Amino acid sequence: MPGVTIGHPAVFYKQKEHHGRRERELEQIQTLYERYKNNVSRLALSYTGHRQDAEDVTQTVFVKLIRHMDRLQPGKEQSWLLTVTANECRNLLRQRSHMSQEAMPEPSSEIPEETGLLDALLQLQPQYRAVVHLFYLEGYTTREIGRLLGIKQSCVTTRLSRARAILNRYKEGKANLEQRIIGNEQWYKLLHWG
């Protein structure tokens, strides 16, 4: 047919190959989202103390995943997601530090109340909440936490120690805290640390 140009077959196959690769990438993103959304959300909530902020951070983290999927190393997905989560939380808190106290939202009561730790966790500064969350709830080692947060292992150990001291002082001030946390063995161990 005159005037009709048919593209080279190699171009057609490249387009089809690109489309198939994109579909696999989207499926992988969906799988990673389903697998790690709760971990990302919990860390963001522990770090920020605000449900809305945690939702915003979670959304930002997964948007970054979509943008940087090609750079993600297989087997390192959870580590990458939690590192990005911690970085986004720090960025948000830095922005917040420029806001006046009156404009700051109240801490959320969305941290699960059944753990009995909402009041205690909110006594901690964000950098302490993050290491406590990653160590006790996610089960990371101090070395892994250091890599995730971009700090030295000794700094992680110090933050855990300080967090325990703060929580112990809080416990002494709140006689019924121990009764509320007795069901959560990891937190019980935390408050009864050496």
Net charge of Cβ neighbours under 10 Å - reference Gln127; Lys, Arg +1; Asp, Glu -1: +4
Heavy atoms of Leu26 accessible to a 1.4 Å probe, total area in Å² rounded to 10: 90 Å²
Solvent exposure, largest accessible area first (probe 1.4 Å, DNA, RNA and ligands not counted), of Cys89, Cys155: Cys155, Cys89
Spacing of the two label points (7 Å from each Cα toward its C-beta) at Gln78 and Lys152, in nm: 2.8 nm
Cut-off 20 Å (backbone N to label point 7 Å along Cα→Cβ of Tyr33), residues of the stretch 42-61: 42-45, 52-61
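The values are calculated or read from the model by the stated rules, or taken from the named source; none is laboratory data. Predicted model only: the values in this text are computed from it and were never measured. No Cβ is skipped: glycine too gets one built from the backbone with ideal geometry, and neighbour counts run over all protein chains shown. Surface areas here come from the heavy atoms of the whole protein model, side chains and all, with no ligands, DNA or RNA. Shrake-Rupley method; radii C 1.70, N 1.55, O 1.52, S 1.80 Å.
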